[in-house]
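Peer 1: Just passing along the structure, written as structure tokens.
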Amino acid sequence: MRAVIFGADKLGVDFYFAVRANEKIICFIDNNVEKQGKEIFGIKILSADKLTEMIFDRVYIASEKYFNDIMAQMKELGIDQNKISLCPIQSCVKKKALECLNQFHETCKKQDYDNVWEKIREKYKHIKVHKLTVAAIGELLMRFFIIMNTCKDDKVLRIFIPEAKSIDTERVCNRYLVELLGRKIHIVQEDDVAFWMYIIKTYSEDMDFSEYDKYSSRNGYLAYKGILDGHNNWFNDAEIENGNNALEQMGIKEPFVCFAARTDTYNKKTIGQDFDYGYRNMKFSDYKMAIKYLQKQHITAVRMGRMETPMKKMNNCIDYAGLYADDFKDLFLSSRCKFMVASATGAIFMAGLFGKPVIMVNTVPVSFGMSGTLYTDKDLYIPKKYYDINRDRYLTLREMLKADMQCSIYGKRYAEKGIKFIDNTPEEIAAVVQEMIRKIDGTWQDDIDDQKNHERYLEIYQEMKRESRSNPDVWTGEPVPYRIATTYLRDNLYLLE
């Protein structure tokens, strides 16, 4: 049968491959004059008026969107309407998919995947398949900590299929991190995708998909105290050597402290927009006073972050984020820092991965709880202030928690209620950094009043949790697992009113 394909684009080409064995395609037709006169696989692309000069049995229209317009065009040219039909594109795609899977199936058999699977089945009683988000560092690491702290059965093999979906865009937060975590739990990596595609297709009845979405949510889990492993148990010798060379090339000498300030740059460059979390942002320059203090202690500061614009030179600060950032060095720096200072950004969880103390500054909201977080006994945090425009004053802790009940993590809701977030001052940040240094070297000591203030701080949370029982949908109800800095609480006792 002599046939013509109207549409010289992807759909037309797909249809050509589907029918070329059974039909003789004599030409492509396209209304785009830039395509006319060119060829696809040696077959000419012509204008529609050339149809009146040809002998053919059928015209296939490879366009659902413009099918009616092309039909009208054919009618004007006097083409027999019985010879015109829409390409059965979906059928072609399905046919191609089945052919592809069959070919893949045969290829996999040649690679001895069946024998590998038999060995897996001999070793494990159950094979469970789960989805694991890899689109954001904080979300990935929190779930990883949960898995490491709750999945202890050696007879169960858990396979984690990476999900890179973030809004409408696919992204992987840090490919080296996914590989590193894959050394502790079985995350499907690029080089074994083919194997697991074959196994799921061939042996799905032997696998348990009932908890596929088990880790879609991290609500209801504890924050976990302790560390998983020291950094030397994460990296191999070659990686340690590469990391040390990178430190030398960047001019970073130990000891050093990592600083990260949340901006909307990374989200905008990877997914095209930021979430409704702009109220968590801060200026990196607010760290300047703390960095100056560290210089007196002979401790270097390192600016962390991804896809950030290089900043103006700052004394005692290496601009890693603006000049050197990559996936591996993100992790290596986090593993070797003395501690990390960061606002509410995923970077802070990388420090937790390696058991490094953290300071979270400009923390909001204060009742998020951070389920699944790994923390140490030295971690500190200081919150942003909640300023009520309508009442012209700062909110107490009780009032802040009430606002969280109603607004959760959504910045627009706070704004609608007239609540403005006030960033920590450079002085407040410098004070908590000094407090951390003294905690690490063992010279910090809370006095009796400090201890009473901390106890009252936590009592207010418990009181608000009881009050929130009628509003469980938006209230997370847990304090940040890090200890609120004593220096901050001393200067802001109004919080306890």
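Peer 1: Tell me, what is the FRET efficiency for Phe209 and Arg175 to the nearest 0.05, using R0 = 22 angstrom and their Cβ-Cβ distance as r?
Peer 2: Working: r = 26 Å, r/R0 = 1.18.
The pair Phe209/Arg175 has a calculated efficiency of 0.25.
Peer 1: Pop out the ³J(HN,Hα) list for the stretch 27-36 in order, Karplus 6.51 cos²θ - 1.76 cosθ + 1.60 with θ = phi - 60°, rounded to Hz; leave Gly and Pro as x.
Peer 2: Values per residue, Gly and Pro as x: 5, 9, 10, 8, 7, 6, 5, 6, 8, 4 Hz.
Peer 1: Lys125: which lysines have alpha carbons under 26 Å from its alpha carbon, excluding same-chain residues fewer than 8 sequence positions away?
Peer 2: Hits, sequence-local ones excluded: Lys109, Lys152, Lys155, Lys184, Lys201, Lys214.
Peer 1: Right, next: Around Tyr224, which amide H atoms from residues at least 5 apart in sequence, or from another chain, sit under 5 Å from its own amide H, with H modelled in the peptide plane?
Peer 2: Gly372, Thr373, Leu374, Tyr375
Peer 1: Next question. In the set (i) 20, 51, 27, 2; (ii) 19, 39, 26, 14, 2; (iii) 22, 57, 21, 0, which value of P(r) over Cα pairs in 20 Å bins from 0, in percent was calculated from the structure you see?
Peer 2: Looking at P(r) over Cα pairs in 20 Å bins from 0, in percent for this model, the match is (ii).
Peer 1: Here's something else I'd like to know. What shape does the stretch 129-199 have by the C-alpha gyration tensor, where a ≥ b ≥ c are the square roots of the eigenvalues, rounded means a/c under 1.5, and otherwise prolate means a/b greater than b/c and oblate the rest? Numbers along the way, then the final one.
Peer 2: Details: a/c = 1.83, a/b = 1.18, b/c = 1.55.
Here the stretch 129-199 falls in the oblate category.
Peer 1: Hey, another quick one. Under a straight-distance cross-link criterion of Cα-Cα below 24 Å, which lysines are reachable from Lys65, leaving out those fewer than 8 residues away in the same chain?
Peer 2: Within the straight-line limit of under 24 Å, Lys65 reaches these lysines: Lys10, Lys35, Lys38, Lys44, Lys50, Lys75, Lys83, Lys94, Lys95, Lys96.
Peer 1: Right, another one. Given a Förster radius of 41 Å and the C-beta distance between Arg183 and Gln273 as r, what FRET efficiency does 1/(1 + (r/R0)^6) yield to the nearest 0.05?
Peer 2: Values: r = 33 Å, r/R0 = 0.82.
Efficiency computed from Cβ-Cβ geometry: 0.75.
Peer 1: Within the stretch 388-497, how many Lys pairs that are eight or more residues apart, or on different chains, come under 17 Å at the alpha-carbon?
Peer 2: Numbers: Lys402/Lys412; Lys402/Lys417; Lys402/Lys420; Lys402/Lys465; Lys412/Lys420.
Counting lysine pairs in the stretch 388-497 gives 5.
Peer 1: Considering amide H positions built from the backbone, and no H for Pro or chain starts, which residues 5 or more places from Leu86, or on another chain, come under 5 Å of its amide H?
Peer 2: Here Ile61 satisfy the definition.
Peer 1: Send over a whole-number figure in Å² for the accessible area per residue of the chain, probe 1.4 Å.
Peer 2: Working: 25080 Å² over 497 residues.
Value returned for the chain: 50 Å² of accessible area per residue.
Peer 1: Can you spot the lysines whose alpha carbon is less than 17 Å from Lys269's alpha carbon? Ignore those fewer than 8 places along the same chain.
Peer 2: In chain and number order, the partners are Lys165.
Peer 1: Count neighbours as other Cβ atoms within 10 Å of each site's Cβ, and list the trypsin sites (Lys or Arg not before Pro) in the stretch 245-278 that are DSSP loop with at most 13 such neighbours. Show your work: numbers first, answer last.
Peer 2: Details: sites: Lys253, Arg262, Lys268, Lys269; in loops: Lys253, Arg262.
For trypsin sites (Lys or Arg not before Pro) across the stretch 245-278 that sit outside H, G, I, E and B with at most 13 neighbouring Cβ atoms in 10 Å, the list reads Lys253.
Peer 1: Cα axis of helix 113-123 to longest principal axis of the chain: angle in degrees, 0 to 90, nearest 10?
Peer 2: Approximately 30 degrees, to the nearest 10.
Peer 1: Using a 7 Å offset from the Cα along the Cα-to-Cβ direction at both Glu39 and Asn115, what is the distance between the two label points in nm, to one decimal?
Peer 2: About 4.7 nm separates the two model spin labels.
Peer 1: Express in whole angstrom the spacing between the alpha-carbon centres of the stretch 287-313 and the stretch 402-438.
Peer 2: 22 Å
Peer 1: If each residue of separation counts as 0.36 nm, what is the full-extension length gain between Ser217 and Lys123 once their alpha-carbon separation is subtracted?
Peer 2: On the way: separation 94, 0.36 × 94 = 33.84 nm, distance 2.95 nm.
Once the chain is fully extended between Ser217 and Lys123, it gains 30.9 nm.
Peer 1: With all protein chains present, how much of the accessible area of the chain (probe radius 1.4 Å) comes from carbon and sulfur, to the nearest whole percent?
Peer 2: Values: 12070 of 25080 Å².
Carbon and sulfur together cover 48 percent of it.
Peer 1: So, R0 is 22 Å and r is the distance between the beta-carbons of Tyr394 and Arg456; what FRET efficiency does that work out to, to 0.05? Walk me through the numbers on the way to the answer.
Peer 2: On the way: r = 17 Å, r/R0 = 0.79.
After rounding, the FRET efficiency stands at 0.80.
Peer 1: Amide H to amide H, which residues 5 or more places from Tyr381 or on other chains are under 5 Å from it, using H placed in the peptide plane?
Peer 2: Long-range HN contacts for Tyr381: Met360, Arg483, Ile484, Ala485.
Peer 1: To continue, here is another question. Taking θ = phi - 60°, what integer Hz values does the Karplus form 6.51 cos²θ - 1.76 cosθ + 1.60 yield along the stretch 218-224, in sequence order, with x for Gly and Pro?
Peer 2: 10, 5, x, 8, 7, 8, 10
Peer 1: Next up: Using θ = phi - 60° and the Karplus relation 6.51 cos²θ - 1.76 cosθ + 1.60, list the HN-Hα couplings for the stretch 10-20 in order, rounded to whole Hz, with x at every Gly or Pro.
Peer 2: With the stated coefficients, the stretch 10-20 comes to 4, 5, x, 5, 4, 5, 4, 5, 6, 10, 4 Hz.
Peer 1: How much net charge surrounds Lys253 when only the other residues with a Cβ under 13 Å from the Cβ of Lys253 are counted, with Lys and Arg +1 and Asp and Glu -1? Kindly include the intermediate steps, with their values, before the conclusion.
Peer 2: Working: positive: Arg336, Lys338; negative: Glu248, Glu254.
Net charge in that neighbourhood comes out at 0.
Peer 1: Which one, Met436, Ala344, Tyr386, is farthest towards the positive end of the dipole of the stretch 327-437 when Lys and Arg carry +1 and Asp and Glu -1 on their Cβ?
Peer 2: Result: Tyr386.
Peer 1: Of Lys225/Lys283; Lys128/Lys338; Lys131/Lys283; Lys268/Lys312; Lys253/Lys313, which ones are farther than 27 Å apart at the Cα? Before the final figure, lay out each step's value.
Peer 2: On the way: Lys225/Lys283 30 Å; Lys128/Lys338 38 Å; Lys131/Lys283 35 Å; Lys268/Lys312 22 Å; Lys253/Lys313 18 Å.
Result: Lys225/Lys283; Lys128/Lys338; Lys131/Lys283 exceed 27 Å.
The values are calculated or read from the model by the stated rules, or taken from the named source; none is laboratory data. Model, not experiment: these values are computed from the prediction. Here Cβ is always computed from backbone atoms with ideal geometry, including for glycine, and neighbour counts include all displayed protein chains. The area values use the complete protein model at the heavy-atom level, side chains included, leaving out ligands, DNA and RNA. Shrake-Rupley method; radii C 1.70, N 1.55, O 1.52, S 1.80 Å.
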